[in-house]
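One structure below.
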Amino acid sequence: MTSRPHQLDQWLAQEKAVRERVDQGPGPGVTRMDQVAGMSGLELMRAILNGEVPYAPMAQTLDFILVEVAPGRAVFQGTPGPQLFNPLGTVHGGWFATLLDSALGCAVHTMLPQGRVYTTAELSVNMVKALTPRVPRVRAEGKVIHCGRQLATAEARLVGPDGTLYAHATTTCLVFDLPNS
């Protein structure tokens, strides 16, 4: 792959701007029903990105952050640090899966109208290259393939700033009415 240092600079600048916004908001936590009432999935994802409602505590624990959303699309950026190592000295596959699952699920969420939610029913992850902390950041970009009344499918890729592919994934999500909506 051709080195693209300017790509990393852009990613870091975007991450810094997002972190500044979310740090001024409520921080990590669980959104309350009164906070999300009347919001579509896309509106909720944008509210998280803008620091208007809490973001998932898991993102802080595993050092990743939502950096972009659009209809049918969600992008998370993560830092593959040594705290994520498996015993062989590379980043644990569970971190790959969590980052990809987040991008996939949130991409699906952007397509849901008010009062509808999803849960992951199936996740398939293919890790194609080991990831070490020598890679300063990776991005998981999820894109919806199909979003119907009961099922949604999406695909995602985990890449480095030089375009190297580390993993790819697909999901099937169950779509249903928010209980008590």
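The values are calculated or read from the model by the stated rules, or taken from the named source; none is laboratory data. As the structure is a prediction and not an experimental result, all values here were calculated from the model. Counting neighbours? That spans all protein chains shown, and the Cβs are built from the backbone with ideal geometry, glycine included.
Annotations for the structure displayed:
- Any hit, region 81-88, residues being touching a residue at least 24 places away in the same chain (Cβ under 8 Å), buried (at least 22 other Cβ atoms within 10 Å of the Cβ) and at negative phi: no
- Test for L151: is it at pLDDT below 95 and farther than 23 Å from V67 by Cα: no
- Close pairs (7 angstrom Cβ cut-off, 6 or more residues apart or separate chains): more than 15 Å from V108 (Cα to Cα) and among the small types (G, A, S) in region 152-166, in a strand (DSSP E or B) and at pLDDT 95 or above anywhere: G160/V138; G160/Y166
- Count - residues of region 119-131 that are closer than 26 Å to D162 by Cα and out of contact with any helix residue (DSSP H, G or I) (no Cβ under 6 Å at 6 or more places or on another chain): 6
- Any strands (runs of 3 or more DSSP E) falling wholly within region 134-181 and containing at least 1 residues that are among the hydroxyl-bearing types (S, T, Y): 151-159, 165-177
- Region 1-57, residues that are among the charged types (D, E, K, R), outside any helix (DSSP H, G or I) and free of Cβ contacts under 8 Å to residues at least 40 places away in the same chain: R32, E52
- Per the conditions (1) over 24 Å from F176 (Cα atoms); (2) buried (at least 21 other Cβ atoms within 10 Å of the Cβ); (3) under 14 Å from the mean Cα position of the chain (by Cα), the sole criterion not satisfied by D63 is (2).
- Candidates R139, R134, R73, R116: the one that is without any contact (Cβ under 8 Å) to a residue 60 or more places away in the chain and either of a type outside the set (D, E) or within 28 Å of D162 (Cα to Cα) (or both) is R134.
- The listed residues are G41, G78, G115, G93, and the only one of them that is out of contact with any Leu (no Cβ under 7 Å at 6 or more places or on another chain) and not β-branched (V, I, T) turns out to be G93.
- Test: residue in region 119-134 that is of a type in the set (V, I, T) and modelled with pLDDT under 95: yes
- Checking V108, V125 one by one, the residue that is in a strand (DSSP E or B), of a type in the set (A, V, I, L, M) and touching a residue at least 40 places away in the same chain (Cβ under 8 Å) is V125 and no other.
- Residue among L174, L158 that is under 16 Å from the mean Cα position of the chain (by Cα) and either surrounded by 13 or more Cβ atoms within 10 Å (Cβ to Cβ) or at pLDDT 95 or above (or both): L158
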